[in-house]
Structure formats: C-alpha cells, structure tokens
1. Considering only residues that are closer than 21 Å to residue 262 by Cβ and either outside any helix (DSSP H, G or I) or modelled with pLDDT of 85 or more (or both), which ones fall in region 206-229?
2. Hand me the list of helices (runs of 4 or more DSSP H) wholly inside region 1-94 holding 3 or more residues that are surrounded by fewer than 15 Cβ atoms within 10 Å (Cβ to Cβ) and modelled with pLDDT under 90.
3. Among the residues of region 104-134, write down those that are modelled with pLDDT of 95 or more and in a strand (DSSP E or B).
Amino acid sequence: MYDKILVPLDGTKTAETILPNVVRLARESKAKVVLITVETPTPTAGRAHSSNNRLGNGLGNGLGNELGNAPATLEKTDPQMKAYMDSAASMLAGLGVTATTVTTTGDPAEEILAYSLKHGCDLIAMSTRGRSALRRGLMGSVTDAVVRSSHVPVLAVGPKSVEGKDLDGAIRSVAVPLDGSETAEAVLPHVERLAELLSLEVVLLRVVRLVPWAYGAHERVPLDTTDIEQALETEAAEYLGVIEARLKAKGIKCRSEVMHGVPWDKIVSFVGKNDEMMVAISTHARSGITRLVLGSVADMVIRSLETPALVVRPL
C-alpha cells in the first residue's frame, strides 16, 4: 500500500503531531519514512532568538533543552536541526519504523512537492499548522499549498489531534463524503487500502442540499418541495448503496448516511461528533479567485476538524 511516506518537520511540537499517525501506517504497511525539513535564508537576529526558544520546545524534553541553548542559523547544514531530525528518526526506529532524514533549501511547499514526486513517495503526512510568522512557516499555508497541488495523497492533522486521536489508538472508522461525481470517488481506492490495512469501518456520506429558488420558490412564492426532497434522498441512498455493496463484497465493514444541509457543515458536524473517526476526501484543487468565490468542501473540512484527514487530488 505505502512504500515511502514523506513527513515534513520544522522543529516544533505542532509539526510533530503527525508522527503518531504515521507510526501505525508505516508499521502495518512496512513503509519507509522520510523526514524532511526545508531551510530558508537566515533570518534577523531577533528571529533567530525566537527560533531558539521554539526549537527548544521540540521533540522530547532532553533534546529540547539541549538544542534550545544552542546558537541557531537557518543554513542547510544547521547542526541544530540535524540533531533534531536525527533524534526524530531514532525515536521512530525505536517504534519499529525505518526512517531517514533529508534537508533541502528553498520554498517549503515547492520542495516538499518536488521531493515527493522525484523520490516516488506514496503519501505526504503533515500538520496543518506550524511556525508563526516570526520564522519560516512550514505548515498552515504550506499545507494548504501542498494539498492543492500534490498528486500524492496528503494526510493532514490539526495540532490537537494528538490528544487521544491518532491512527495508532483511537481511530476506528473513516468518513468518506461523496457527491456522485468521479472526482469525489477518486478517494475510494485509497479508502479501501486504509480500511483493509487498519481494519477501519467505512462510513459513506452524501449531503443532499435542496435549493428552493431553483424549483420556483422565490419572491415569497410558497412551494411544496416534499416530493423533490424525498426523490433526492432516495437517489442519494441508492447511490451510496451501490458503493457500500461493492466495499462489503471486499470484506470491508461499511455503512451509509444521507444528510440534508450545507455539505461542509454537515460533514464537519458528523465527523466532529465521532471521536474515533477520521475523514477521507477528494479535492477539486481550486486556486486563486475561483477558490475564494466557490470555496472548497475539502478545504473547509480540513480547516474545521482536528481529526486526521486524507486528501486526494484526482489526476
């Protein structure tokens, strides 16, 4: 399933929240993990001082205390970051995961994307937030850029997901939002692999949203849409039923849920009420003004949930 997982780190605990999610995936699939950090030009003295304090709160108290008192630079051969990355790799090794480290220089998102393609990575796993604006922002906007542009699936987690919500422990099911399109269904092969690998229950979601004005209910003209709503719900249930049957035939535990309302809001509400659930979703990868105007269900789901989210961009 996964042979090589790329994990961006920046020396913060926030970035490290992805690691518990990576451990089980790597162990179960016997995948190799590549820890990558991207260096950018040397900051001002004030920023370097701030970065010392931040890195001092990094992986493990012993490592953090030792590195927190060391002078910091942001050069490619920064010994401080090298020691941090080596320690992270050693920690993973102690958990039965083969891990190597790599340091590159340049734009974080571009370097992550380029490395994942050049070296045949099967998954990019990263936190949705990281360094503040005082130093290079490896996560947050970078995760957003990676999710929108990556042809490699991305597993993204919010910083609070480490609090009892990781793939190694609490996650027992995966929610899969579908809208009937081939784009949305592009995530299904990845879901099948995850479900088989981690013994997860698959919950197929379809949100039915009726727009009254589209059926003549405008200018205060009443319109009984009961029949239309029932027809839409029936169609949605039948659609999910076909996919559900296909997954069950492969031995995957699966069920379906049809909901009414605004798609991203209903998805977030449903997943948010299930502490043992992650989400897997396909993205249309909109960008620029189109994305700002039309929005993105995948984007809203990722930003609104702390649970792990597997995001797949159709080729």
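The values are calculated or read from the model by the stated rules, or taken from the named source; none is laboratory data. On a predicted model such as this, the values are computed, not experimentally measured, just so you know. Methodologically, a virtual Cβ is constructed for each residue, glycine included, from the backbone with ideal geometry; neighbour enumeration extends over all protein chains shown.
1. 206, 207, 208, 209, 210, 211, 217, 218, 223, 225 - these are the residues of region 206-229 that are closer than 21 Å to residue 262 by Cβ and either outside any helix (DSSP H, G or I) or modelled with pLDDT of 85 or more (or both).
2. 45-55, 61-68
3. 123, 124, 125
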